[in-house]
Amino acid sequence: MPMISCFVDVAPQRVGGTIETKPVVTLESITGPEEYYVVVLTTMHGAREGIGSDLTTKGFSRSRDFIEA
């Protein structure tokens, strides 16, 4: 099981905080899969899929590099 590096969220009130000591960040701050294993955590309708698509565009692979929770 990979170590979780951060959580991605689009809610401004959560970005900058932490979950289980891991930072909650914006998608724009994520560089590439060699640095991060990402858990996409959002309840905003359609945001999870959009973030997953953007991560894939950045070279991330679902399950190997990120999951959508």
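Structure summary
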read-out	value
Exclusive hit being buried (at least 17 other Cβ atoms within 10 Å of the Cβ) and touching a strand residue (DSSP E or B) at 6+ places or on another chain (Cβ under 9 Å), set I19, I30	I30
Search result, residues across segment 1-53 that are part of a helix (DSSP H, G or I), of a type in the set (G, A, S) and within 17 Å of R64 (Cα to Cα)	G52, S53
Condition check for R14: out of contact with any Pro (no Cβ under 8 Å at 6 or more places or on another chain), at pLDDT 85 or above, exposed (fewer than 14 other Cβ atoms within 10 Å of the Cβ) and basic (K, R)	no
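The values are calculated or read from the model by the stated rules, or taken from the named source; none is laboratory data. This is a predicted model, so every value here is computed, not measured. Neighbour counts run over all protein chains shown; Cβ positions are idealised from the backbone, glycine included.
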